[in-house]
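> If you scroll down you'll find the structure; I have some questions about it.
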Ligand code: SF4
Ligand code: SF4
C-alpha cells in the first residue's frame, strides 16, 4: 500500500508548522525513517519565481524551515536546491523568504546548474538532470499545491521538473509541450529516474484559478505527506475535486500502470479526506479541445479550436522574459508591442507562467467558443 497522510494545519506560524509536521510524519515512521545520520538530504521546494510567500507561488519558507530542523534533528545534513523558471535562484529565494530561513538555520542553497545525462526509462531516450538532484543521498520533495495552466494541477510529480536545469526546460516544452499527455509522460519519466524519498506538500495556502503564478491564494489548511509522489497527487486532486479528464499526469500514469496511481492501492491516514474536500476550487482558465486530428492538420486549424495567449498592452512592460523563454521563438517585439506568431505557438503557456506583470491573457478559439455555446 502507498501511505498518504493528511494533517490539518491552520497557518504558517512556526510552532503550528513544526507540531503539524511531527503529527504528519508520525504514521510514516517519523523523519528518522527517511534519513540517516550523515546523509546529505536535498530539500526541493517549488521556487518558480521571485514572489512573496503571500502570493502562494512558492513553497512557504516556514515549511522549509521545519523540514530543515527535522532533518537535522535526525542527524542528516539538509540543503535546499532548485532551478527556477526565471530570476536566478538567489533572487527567488530572497523574495520568497527562503534565504532568510537558510541564513537563520545555516543551510546551504544550491542552484541546479550542472547536469548529468541519464538514460530515460521509457519513451524518451535521454534526460539531462541536475547533478545535486541525482547525487543527493536523499531527496525530500516540497511542492506547493497549485493549479497549472497546462497540467491543470501542479503538486508532487510536476515539482520535479525543476530537476531539469535552466534552458533545458524550454527544450522539453518545445519537444513535448504541444501534446499535454506527451508532456505528462515526460514528467513521469523524470519522476521514475529519481523518485523522491519523501513528499511533503504545502497545501496550507494553495493557489486556485490562473496558476501556477497568476492565480489566487486559497486557504486549504493541509499538509500532505507520502512516499509515492503519484499517490500524493491522486489524493491532492481528489481533495480539490479536479475531474479526471483534466488530470493528464494521472491519466498517463494509469496507462503506464505506475505504482501508486490506483486509488485502491492508497492507504490514507490522519485528517479524513472526506472532511478535506473542497467543492468550489477554481480551475485554470485554459481549455483545449484535441479532436484526435492528424498533427499536421491540427497545427493549421488549432487556432480556432484551442485557447491561446494574447498580450495585454496596458500591462506589458516589454521586459522580454516571455519572448526569451518562448520554446519555439513565437514571440517578438514589433513596433513597440509584443507580437505572437500563432502558427508557431505550441500553446505551452510558459509565457503566462513566467510573465511577472500578468500581461498575457487567454482567449478561446472562435470555433471552440461556438462549440461551447452549442453544448
Ligand atoms: S508580456 Fe510580460 S513577460 Fe512578456 S514582455 Fe510583457 S511584461 Fe514582459
Ligand atoms: S507564445 Fe506562449 S504559449 Fe505560445 S509557444 Fe510561446 S510561450 Fe508557449
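> Of all DSSP beta bridges located in the chain, what percent are antiparallel, nearest 5?
Here the antiparallel bridges make up roughly 60 percent for the chain.
> Does the range 2-276 come out rounded, prolate or oblate by the C-alpha gyration tensor, with a ≥ b ≥ c the root eigenvalues, rounded set by a/c under 1.5 and, if not, prolate when a/b is larger than b/c and oblate if not?
Rounded, because the longest to shortest axis ratio a/c is under 1.5.
> Can you pull the one-decimal nm distance between simple spin-label points at residue 23 and residue 244, each 7 Å off the Cα toward Cβ?
3.3 nm
> Is the shape of the range 141-234 rounded, prolate or oblate, going by the alpha carbon gyration tensor and its root eigenvalues a ≥ b ≥ c, with a/c under 1.5 for rounded and a/b larger than b/c for prolate?
Details: a/c = 2.05, a/b = 1.26, b/c = 1.64.
Verdict is oblate for the range 141-234.
> Taking the simple approach of a point 7 Å from Cα along Cα-to-Cβ for both residue 269 and residue 116, what is their distance in nm?
My value for the distance between the label points is 3.3 nm.
> Shifting gears a bit: Quick one: among 309, 243, 78, which has the greatest mean-square fluctuation in a GNM of the chain with alpha-carbon springs under 10 angstrom?
The residue that fluctuates most here is 243.
> Along the Cα-to-C-beta direction of residue 36, a point sits 7 Å from the Cα; which residues of the range 64-103 have their amide N less than 20 Å from that point?
70-79
> May I pose another question? In terms of the Cα gyration tensor, with a ≥ b ≥ c the square roots of its eigenvalues, is the range 107-171 rounded because a/c is under 1.5, prolate because a/b exceeds b/c, or oblate?
Details: a/c = 1.69, a/b = 1.13, b/c = 1.50.
It is oblate, given that a/c is not under 1.5 and a/b is not larger than b/c.
> So, one more: Out of all DSSP beta bridges in the range 110-202, what portion is antiparallel? Express it as a percent rounded to 5. Before the final figure, lay out each step's value.
On the way: 9 of 12 bridges.
Close to 75 percent.
> Among 273, 57, 232, which one shows the biggest mean-square fluctuation in a GNM of the chain, springs joining Cα atoms closer than 10 Å?
273
> Which of 335, 197, 210 moves most in a GNM of the chain, Cα contacts under 10 Å?
Its mean-square fluctuation being the largest, the pick is 335.
Throughout, read-outs are computed from the coordinates displayed, never taken from laboratory work. Because the structure is predicted, anything quoted here is derived from the model rather than measured. Positions of Cβ are backbone-derived with ideal geometry, glycine not excepted, and every protein chain shown enters the neighbour counts.
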